[in-house]
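The values are calculated or read from the model by the stated rules, or taken from the named source; none is laboratory data. Bear in mind the structure is a predicted one, so any value in this text is a computation, not a measurement. All Cβ positions, even for glycine, are placed from backbone atoms using ideal geometry, and neighbour counts span all protein chains on display. SASA here: full protein model, heavy atoms, side chains in, ligands and nucleic acids out. Shrake-Rupley method; radii C 1.70, N 1.55, O 1.52, S 1.80 Å.
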Amino acid sequence: MSKIRPSKGAPYARILGVGGYRPVRVVPNDVILERIDSSDEWIRSRSGIETRHWANDEETVAAMSIEASGKAIADAGISAEQIGGVIVSTVSHFSQTPAVATEIADKLGTDKAAAFDISAGCAGFGYGLTLAKGMVVEGSAEYVLVIGVERLSDLTDLEDRATAFLFGDGAGAVVVGPSQEPHIGPTVWGSEGDKAGTIKQTVPWNEFRIGDVDKLPLDSEGNVKFPAITQEGQAVFRWAVFEMAKVAKEALDASGLSPDDLDVFIPHQANERIIDSMVKTLKLPEHVTVARDVRTTGNTSAASIPLAMERLLATGEAKSGDTALVIGFGAGLVYAATVVTLP
């Protein structure tokens, strides 16, 4: 017989508050077109993107996270001292160590909260949400802050016609806390590492450090390009459209729900054509509100779902208590889907 005392947490968990931060600078497609041979009509028809936000020097990964988190904590009606865990999903914090989560936890005023970063690309928010739910139910923290944050403008090749228009910056955060009823469903998640090359960094950091111009990509002026995100657009599109609709359906089934039970659908804001295809494949009823934050925010990777959630609630397109299907998918390739009750 084990001598270890069992942990005691809450029966269930739920999202209690949400907050977002978008950088001040709004970048229209015209700015992107200064560096690539394309058109505003082409960008809109292929992605749905009209504008995106790019961070300035002061809008760091930590600074944007702190702004979004402060709003989420206030929305949850708790204090920072009650936060027992801080989980940050990002691929654009350039210090390998320490984790940016520790800086955020300190500056928010938490009481020595557990803090760590995760790298799960555009599925990172779903991964973080699942970990937070486990922490609350297991009892290692009463309230957990989950942040998705990116400065993808730092990792965008503005001369790459296939990706230059896609990415934006921002931070979204939620507070997960105890509940007497289930308000976060089972997570359907996974990875397909055999497809890892379809979304990747152009040059690993160690090769960039060496700076061998014979092996590294150069810009139009002959300078070595900073590492950027690249992707095989058609392969990613097909995978997202056909495979992720199946994952979304699995998440509904795992929660014991059908499309008719949904009020809101919040997919990763990668591309509006992907969103439209998923809506059609899932046969979502007309009453279901679909997040389309991609139009004015672009693809913000791990930040896209909480940012879209925050905007839907702020505009009144969704309301507290609505049932929402959320799904993230991206580099890895990784994915995570679940059903939640909106805060």
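Modelled spin labels at Met1 and Ser320, positioned 7 Å past Cα toward Cβ, are 4.6 nm from each other. Straight-line reach from Lys280: taking Cα to Cα under 17 Å and skipping same-chain neighbours fewer than 8 places apart, the lysines in range are Lys246, Lys249.
For the chain, which semi-axes, largest first and in whole Å, follow from the square roots of 5 times the eigenvalues of its Cα gyration tensor? Could the numbers behind the result be given before it?
Details: eigenvalues 202, 115, 71 Å².
Rounded to whole Å, the semi-axes are 32, 24, 19.
Is region 292-339 rounded, prolate or oblate when judged by the Cα gyration tensor, a ≥ b ≥ c being the square roots of its eigenvalues, rounded requiring a/c under 1.5 and prolate requiring a/b larger than b/c? Cα axes put region 292-339 in the oblate bin. Of Phe329, Phe265, Phe125, the residue with the greatest mean-square motion in the GNM of the chain, using alpha carbon springs below 10 Å, is Phe265. When a/c reaches 1.5 or more, the comparison of a/b and b/c decides; with that in mind, is region 1-106 rounded, prolate or oblate per its Cα gyration tensor? Here region 1-106 falls in the prolate category. Remark: relative contact order (region 281-343) = 25 percent; criterion is Cα-Cα distance under 8 angstrom and separation of 6 or more residues.
Using a ≥ b ≥ c from the Cα gyration tensor of region 214-274 (square roots of the eigenvalues), is it rounded, prolate or oblate, where a/c under 1.5 gives rounded and otherwise the larger of a/b and b/c decides, a/b for prolate?
Working: a/c = 4.12, a/b = 3.44, b/c = 1.20.
Cα axes put region 214-274 in the prolate bin.
Considering only beta bridges that DSSP places wholly inside the chain, some 70 percent are antiparallel.
Going down the list Lys8/Lys71; Lys8/Lys319; Lys8/Lys133; Lys71/Lys107; Lys3/Lys133, which pairs span over 24 Å between their C-alpha atoms? Going by Cα-Cα distance, Lys8/Lys71; Lys8/Lys319; Lys3/Lys133 fall outside the 24 Å limit. Explain nothing, just the number: relative contact order of the chain, from Cα pairs under 8 Å at least 6 residues apart, as a whole percent. Relative contact order of the chain: 26 percent. Here the accessible area of the chain is 49 percent carbon and sulfur, with a 1.4 angstrom probe and all protein chains present. In the context of the full set of protein chains, residues of the chain present 44 Å² of accessible surface per residue (probe radius 1.4 Å, heavy atoms only).
Label separation (Asp261 vs Ala10): 2.1 nm, computed from points 7 Å beyond Cα along the C-beta direction. Sorted on the mean count of surrounding Cβ atoms within 10 Å across their residues, most packed first, peptides 60-68, 192-200 read 60-68, 192-200. Over the residues of the chain, the helix contribution to mean residue ellipticity at 222 nm works out to -9500 deg cm²/dmol, using -39500 (n - 2.57) for each DSSP H run of at least 4.
Sorting Glu50, Glu150 by accessible area puts them as Glu50, Glu150; the probe is 1.4 Å, largest comes first, and only protein heavy atoms count. Amide H to amide H, with H built 1.01 Å from N, Phe167 comes under 5 Å of Asn299, counting only residues 5 or more places away or on other chains.
Return the percentage of antiparallel bridges among DSSP beta bridges fully within region 255-343, rounded to the nearest 5 %.
Around 55 percent antiparallel, to the nearest 5.
Solvent exposure of Trp189, expressed as accessible area, is near 110 Å², computed with a probe of 1.4 Å over the protein chains only.
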